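A quick write-up on the structure given underneath.
Derivation of every value follows stated rules applied to the coordinates shown; laboratory data play no part. Since this is a predicted model, take the numbers as computed values, not measurements. Ideal geometry is used to build each Cβ from the backbone, glycine not excepted, and the neighbour counts take in all protein chains shown.
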Amino acid sequence: MSGLVKGSGRSAPTGADVHRARRRRRLGVLRPAYWAPLVVMVVVLLLLWTWGAHALPYLLPPLSEIGEVLADDPAYFLRNAGVTLGEAVVGLLIGFVAAFVLAVLVSELPVARRAIMPVAVVLNVTPLVAVAPALVVAFGFGPGPKLVVTALICFFPILINTAAGLRSVPAEVLQVFRTVDASRLEVLRHVRVPTALPYVFAALKIVFPLSVVGAVVAEMSASGSDDGLGTVIQVASSMNRLPVIWAAIAVLALMGSLLLLLVTVVERRVLHWHASTHKENR
Amino acid sequence: MAEAAIAVRGARRAYDSGELAEVVALDGVDLEVEAGTFVSVIGPSGCGKSTLLRLMAGLEQPDAGTIEICGSTPRAAASQKRLGFVPQRPALLPWLSVAKNVALPGRLNPAATRRRRGERSGAEGPDVHELLRKAGLGDAMDKLPAQLSGGMQQRAAIVRAFALHPDVLLMDEPFSALDEFTREALQEQLLDLWGELGATVVFVTHSISEAVRLSDRVVVMAPRPGRVVDVVDVDLPRPRSQELLRSQEFHDLELTVRDLLRDAFATGGAR
């Protein structure tokens, strides 16, 4: 029921209206138009896989076998997934802190920009898959090289995006804060860093899945090291155990998706004020 | 004559454009603004009115000449929190509520803010929330800027500039992006706030009626090079009622300014 507000020519929503609108939004997920396209897509992919496994038995294992492997020893996959996840997240954290600090330096000091950016660019174009074995030689088979590779792979997108974000403050805003004598540190804290947040989250969405890539690449270069899904794949492939390889891949895909979901949820909370999180832009 | 709050002497500012050429945005500008008066600066685009304002705000340095705000340099005035600046667009921080946006300048550089409060002790003005209510933003205090109309955002930007109780308020075409009705409402509110809090206001505009309506004096500028051609005194009583705005006196003043601007444009174009 809507009450007409006198004189405003507009009907004001009552409590019941708000309640109903909220429920409609929540139930939207349950409508076939929402979930049917995805379900159809997944069914098609599963059918294609089954057909492929039938036609090329030495290349693709049947889905049932992958399921069996996972169901047989879920603890094995869980433990190795935990190792890879730990390397990915800690490496990402190291890369993030380093990149963020350097981004602040680069955006505040032209001298730092001229010194740091060329090195960062060269680092970025160097294939990390090639660097990983060298790092294993240098740091051994422990977690060291895995963290370094993961941190390196996450470093560049965060550096570039954060530096761009820190310098994207509108001129008028800077003028207002300069005329009230805000220090550089205050402008950084109250204006530049919040302005950069949408850029930082854009980078995080790229970098969270990348961190898993970094961890797996490092694990595979250090075969013989004991844990992690990359090692599982390496060992299984040397023994030609296809279902195990694909089970590990499935776990990795799930892990990456969950990480991405986590970033997106946090982003919506933190950036509720930003246009990118508004309905019209989704 | 009362003490000059702003004194500009022989100010010159030129920008490089290309290899050897330079654009003289301002040349030989002398201007004194008495404390507590409302002065508009008007002129065709390219006459350097915004440049003059940025010099007063200490955002740019003159190539020659001096600028004094309350007896010190603009940068010193800024560090004493004597300045308020309202740009063309509201320039609010989109992640802060209106109330927090308005309060933020007071929280920056707390030592200077405290010194400033000490100076004004006794004459403690209204606080942020009171100011917002006075400006008709009482219901909008906890909203984000994006949830407000353009007019309300600009109103919040003006309240933010007044919240530090500045001696000098510099406004760069603050109403130029607003529709006619909103603009008139904001003009009135600006005059109310100014009447209550008192400040020396320099108001850059390209609207003749806005300049005459708001000001004690209208500074007319001309381009190429940017310079002051004349200063028109607006001796109309305040508050200025609707009848006064329709009076012959008001129209005569508008005509005077318009003629000066036409001459300024002609001489500027001829050079």
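Starting with the fewest neighbours, write out B:172, B:27, B:263, B:179 ranked by other beta-carbon atoms found within 10 Å of each beta-carbon. Numbers along the way, then the final one.
Working: B:172 22, B:27 18, B:263 14, B:179 11.
Taking fewest neighbouring Cβ atoms as first place, the list is B:179, B:263, B:27, B:172.
Take A:79, B:116 and order them by how many other Cβ atoms sit within 10 Å, fewest up front.
Fewest-to-most Cβ neighbours within 10 Å comes out as A:79, B:116.
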Relative contact order in percent for chain B (Cα pairs under 8 Å, 6+ apart) equals 26 percent
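Check each of the chymotrypsin sites (Phe, Trp or Tyr not before Pro) in the range A:26-110 and keep only those in coil by DSSP with at most 11 other C-beta atoms within 10 angstrom; list them in order.
Values: sites: A:34, A:35, A:49, A:51, A:58, A:76, A:77, A:96, A:100; in loops: A:58.
Counting only loop positions with at most 11 other Cβ atoms within 10 Å, the chymotrypsin sites (Phe, Trp or Tyr not before Pro) in the range A:26-110 are A:58.
Between residue A:38 and residue B:63, take the C-beta separation as r, use R0 = 60 Å, and let me know the FRET efficiency to the nearest 0.05.
Details: r = 64 Å, r/R0 = 1.07.
Computed FRET efficiency for residue A:38 and residue B:63: 0.40.
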So, for the Cα atoms of the range A:87-182, Rg and Dmax in Å stand at 16.8, 56
Percent antiparallel among DSSP beta bridges confined to chain B, nearest 5, equals 55 percent
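Please compute the net charge surrounding residue B:128, taking Lys and Arg as +1 and Asp and Glu as -1 over other residues with Cβ under 12 Å from its Cβ.
Details: positive: B:100, B:107, B:133, B:134, B:160; negative: B:127, B:130.
So the environment of residue B:128 carries a net charge of +3.
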Among A:221, A:183, A:64, the residue with the largest mean-square fluctuation in a Gaussian network model of chain A built from Cα contacts under 10 Å is A:183
So, for the Cα atoms of chain A, Rg and Dmax in Å stand at 24.7, 80
Long-range alpha-carbon pairs in the range B:14-75, meaning those over 20 Å apart, account in percent for 30 percent
Counting Lys and Arg as +1 and Asp and Glu as -1 over every other residue whose Cβ sits under 14 Å from the Cβ of residue B:74, the net charge comes to +3
Taking Cα pairs closer than 8 Å and at least 6 residues apart, the relative contact order of chain A in percent is 21 percent
Amide H contacts under 5 Å for residue B:234, restricted to residues at least 5 apart in sequence or on another chain and with H modeled in the peptide plane, are B:217, B:218
Rounded to one decimal in nm, the spacing of the 7 Å Cα→Cβ label points at residue B:266 and residue B:21 is 2.7 nm
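Round to the nearest 0.05 the FRET efficiency obtained for residue B:233 and residue A:19 when R0 = 51 Å and r is the Cβ-Cβ distance.
Details: r = 62 Å, r/R0 = 1.22.
Between residue B:233 and residue A:19 the formula returns 0.25.
Taking the number of other C-beta atoms within 10 Å as the exposure measure, put A:50, B:37 in order starting with the fewest. Don't skip to the end; give the middle numbers.
Values: A:50 14, B:37 17.
Exposure proxy ranking, most exposed first: A:50, B:37.
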With the 8 Å Cα cutoff and a minimum separation of six or more residues, the range A:74-181 has a relative contact order in percent of 43 percent
Here the Cα Rg-to-2.2 N^0.38 Å ratio for the protein assembly as shown is 1.32
